[in-house]
Amino acid sequence: MKEKLIRFMYGRYGIDSLCRFTLIAGLVSMLLAGWNDSMLLSLLSWACIILTYFRMFSRNIYKRSAENQWYLNKTYKLRSAFYRQKNLLIQRRTHHIYKCPSCRQKIRIPRGKGRIEIRCPKCSATFIKKS
């Protein structure tokens, strides 16, 4: 059975970021349509799901990858903002992040060093903080 699926998908586009987005949007709108009894949301959800399957099974790989690249370019700023916030949350487990009082530069200090004097690498101002 697995071999048949692999053979069927050979030469087809598969799943990418735009497919994931349209599938999640379709499922969310389907849940909202079920709660609100909205025919418009129901049609929107089916359109998203059909579009997802059309893109997955398409043999026009060049066109599907161009569509995905367009989607990635349009969502770049939003995705990078989420990535920065996620990275800051991960860093806060092991480091304190302070701002310099004079120039507002962010400075990352490892946790567990006690009270230390911090020198700003940008303006050379010094201040004392607990790490």
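The values are calculated or read from the model by the stated rules, or taken from the named source; none is laboratory data. For clarity, every value in this text was computed on a predicted model and none was experimentally measured. Using ideal geometry, Cβ is built from the backbone for each residue, glycine included, and neighbour counts are taken over all protein chains shown.
Put simply, of 68, 87 the only residue that is outside the structural domain of residue 109 (by TED's automatic domain parsing), in contact (Cβ under 8 Å) with a residue 40 or more places away in the chain and part of a helix (DSSP H, G or I) is 68. In this structure, does residue 125 turn out to be more than 30 Å from residue 11 (Cβ to Cβ) and either at pLDDT below 95 or assigned by TED's automatic domain parsing to the domain that holds residue 12 (or both)? When the stated conditions are applied, residue 125 passes them. The set of residues in the range 40-56 that are farther than 17 Å from residue 66 by Cα and either in contact with a Leu (Cβ under 8 Å, 6 or more places away or on another chain) or among the polar types (S, T, N, Q) (or both) comprises 41, 42, 45, 48, 49. Filtering the range 42-72 to residues that are touching a helix residue (DSSP H, G or I) at 6+ places or on another chain (Cβ under 6 Å) and small (Gly, Ala, Ser) leaves 42, 45, 58. Take the conditions (1) assigned to a helix (DSSP H, G or I); (2) closer than 21 Å to residue 130 by Cβ; (3) hydroxyl-bearing (Ser, Thr, Tyr); residue 102 misses just one of them, which is (1).
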